[in-house]
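The values are calculated or read from the model by the stated rules, or taken from the named source; none is laboratory data. Only a predicted model underlies this, so the values are computations on that prediction, with no experimental measurement involved. In this analysis, Cβ positions are derived from the backbone assuming ideal geometry, glycine residues included, and neighbour counts consider all displayed protein chains. In case anyone asks, the SASA skips ligands and DNA or RNA and just uses the protein heavy atoms, side chains included. Shrake-Rupley method; radii C 1.70, N 1.55, O 1.52, S 1.80 Å.
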Amino acid sequence: MTDRAHSWSLYLAPHVIHSCYAAVEQSVIKKKFHTQTLAPHRSLSLSRRHRLRLRLPSRRRRRQEPPLPLPPLPRPSPSQLPKPKPYSSSFASAAMSSEPPPDAAAAAASSAGDLAADLSSATISKKQLKKDARKAEKAEKASQRQQQQQPQADADDPFAANYGDVPVEEIQSKTISGRVWTEVGGLDEAAAGRSVLIRGAAQAIRPVSKKMAFVVLRESMSTVQCVLVASADAGVSTQMVRFATSLSKESIVDVEGVVSLPKEPLKATTQQVEIQVRKIYCINRAIPTLPINLEDASRSEAEIEKAEQAGEKLVRVGQDTRLNYRAIDLRTPANQAIFRIQCQVENKFREYFLSKNFVGIHSPKLIAGSSEGGAAVFKLQYNGQPACLAQSPQLYKQMAICGGFERVFEVGPVFRAENSNTHRHLCEFVGLDAEMEIKEHYFEVCDIIDGLFVAIFKHLNENCKKELETINRQYPFEPLKYLEKTLKLTYEEGIQMLKEAGTEIEPMGDLNTEAEKKLGRLVKEKYGTEFFILYRYPLAVRPFYTMPCYDNPAYSNSFDVFIRGEEIISGAQRIHLPELLTKRATECGIDASTISSYIESFSYGAPPHGGFGVGLERVVMLFCALNNIRKTSLFPRDPQRLLLLSTTFGIVADTFGIGLNVGVVISLMIPLFVTMANPEQK
């Protein structure tokens, strides 16, 4: 905002406010007249005789009466306007602030005061006065109750130093105390009798009496029960117990205490020990009422259905609600486990390829033309030039092979502008891509895929049992069936299996979702595996850079890989001949000039090569048999969801060539609206 714009803002803001409260004032006065005068006679018919008896003005007279005069708003002279000042960071921060400028705020306060004075001149009935008195009394009692529910350390409490809300300055990296923290997941029977210091979120708070309460703390996927018992020997007072029970759920809490063994096994926590609390401090309080309840979000569908059969109604948290409050939804045990599984898949992907002498690369995501063909790209302007977000790192993987790297892999974002509102499509996902030289046959790439996924499946089953069990409790699934040597079927064999099962598929067309699922069921029944490779696809359904088959150019040296009847990998041998590559690009509707550097890289000498790409989210979804890919995307991007971290609204005043921040204007108006709507409240 320029200095001139700032000056105009100070001038315009009071005028905008003046117009707004003038309109609202008339409505308020009419409402007050109806409430105080007409309300006692609602049962009467307001005929002419009744109006004469009540001495009320007729409707015609009321319409003809002019509105109350508004206080004049002085126009500032040029000398009164603030002089231009140099731009500074402090001015910029003030302009972006929601607080009004000082002059505008003064005008707003003055206008509000005038309006309050006008309204207070109206006669208030005794009944209204009593009503206001009752409201004030209720508000005072509610305030007292709130203070009792959130007690602070009492000065008379000898153990007041053992609990309370930690001041902000104490958590602003003030000092390094040298205290030792214990992870909740590490608390076991061996820690019994030891004093520990832990931090976690208050998942559950259960008061037993004035002298006893339970607090369940959660850290990551682990929970532990903390016990508070008022005792002078333990340094725990009744005020301290009351403080603990006043905490809101999900507040961040520090607890210091002694580990003990419970008399009976604990069902509500992961750790089979308790902590006898000696000190408890709140680091950050959560709001009293959360948008979604973590207990509701953690229930399985089976639990909800069982409760409904018993006549109990439980809350079912929908997918959209979960994503709208993702920061809370991610705290559920199942979500914590899902993204730990995802991390393991990515790590194993890197580890396996590094063990096979692959080199990790990072390709650009801003490119001049489509990398896959078609129109499903996000287009944008790049320094005045048309550009788009990369649909895959395909072109750059191949150029890296031409650069002599022999074998490369990449983990990075992939963008698809497809309007596909399905359970398995995203507009942005994490791509796991690989490219390698081929010595003789593209089955060399298939063999790498075979070894990679068998290694991933084994690793998850052996090292992620806790996470898989946690997911299974909320989203039950059967373990994935796979063979030590991955099954390979030709596309024609797959089509024939579907035809024999009564499903007709276009011989040279692609498989749709239903056909893929049915083929998956047929393969499982016949071969006992849910993980297989389908190769030799029709060339017409593959990208332009796919190498045609030597014996039939209508087919290609390509393959897809399936898990539980859904495709997760698309791969092929690539065209490394520039003339053929240019021809295929033109046939697929791609302007060869937009990928000229890509095509030219093969004219310098390029080895036969092939590769594949796989979506990380889809692998996790299908391995865990989840019903929606949004469950495996941290903050999913689909055609309907683009979560904005912040939004700036602005109004452009073309006449004056200035910009007004709507947040500033609204912040000026809201106090007036509140005052006008409730003139008896301050």
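Of note:
- Scanning segment 449-467 for residues that are part of a helix (DSSP H, G or I) and either within 17 Å of L616 (Cβ to Cβ) or outside the structural domain of Y537 (by the TED database) (or both) yields I449, L452, F453, A455, I456, F457, H459, L460, E467.
- Within segment 435-456, the residues that satisfy the criterion of being under 30 Å from P479 (Cβ atoms) and in contact with a helix residue (DSSP H, G or I) (Cβ under 9 Å, 6 or more places away or on another chain) are I448, G451, L452, F453, A455, I456.
- Sole exception among (1) under 41 Å from the mean Cα position of the chain (by Cα); (2) at pLDDT 80 or above for Q152, by number: (2)
- Criterion applied to E484, E492, E504 was being in contact (Cβ under 8 Å) with a residue 40 or more places away in the chain, surrounded by fewer than 19 Cβ atoms within 10 Å (Cβ to Cβ) and over 30 Å from A297 (Cβ atoms), and the one residue passing it is E492.
- Per-region count, segment 203-238, residues surrounded by fewer than 21 Cβ atoms within 10 Å (Cβ to Cβ), polar (S, T, N, Q) and over 33 Å from the mean Cα position of the chain (by Cα): 3
- The residue that is surrounded by the most Cβ atoms within 10 Å (Cβ to Cβ), counting only those in segment 317-372 that are free of Cβ contacts under 8 Å to residues at least 24 places away in the same chain and farther than 29 Å from S298 by Cβ, is E351.
- Any chance T513 is under 29 Å from F349 (Cβ atoms), touching a Ser or Thr at 6+ places or on another chain (Cβ under 8 Å) and loosely packed, with under 15 Cβ neighbours inside 10 Å: yes
- The residues of segment 609-641 that are within 30 Å of I575 (Cα to Cα) and over 19 Å from the mean Cα position of the chain (by Cα), listed by number, are H609, G610, G611, F612, G613, V614, G615, V619.
- Verdict on L266 being touching a helix residue (DSSP H, G or I) at 6+ places or on another chain (Cβ under 8 Å), closer than 30 Å to L330 by Cα and touching a residue at least 24 places away in the same chain (Cβ under 8 Å): no
- Checked against (1) open to solvent by less than 40 Å² (accessible area, probe 1.4 Å); (2) in contact with a helix residue (DSSP H, G or I) (Cβ under 6 Å, 6 or more places away or on another chain), R536 meets all criteria but (1).
- For I449, the conditions (1) on the phi > 0 side of the Ramachandran plot; (2) surrounded by 18 or more Cβ atoms within 10 Å (Cβ to Cβ) are fulfilled apart from (1).
- In segment 156-199, the residues that are open to solvent by 100 Å² or more (accessible area, probe 1.4 Å) and of a type in the set (A, V, I, L, M): I176, V180
- Subset of segment 568-592 [within 40 Å of the chain's Cα centre (by Cα) and either in a loop (DSSP other than H, G, I, E, B) or surrounded by fewer than 20 Cβ atoms within 10 Å (Cβ to Cβ) (or both)]: S570, C588, G589, I590, D591, A592
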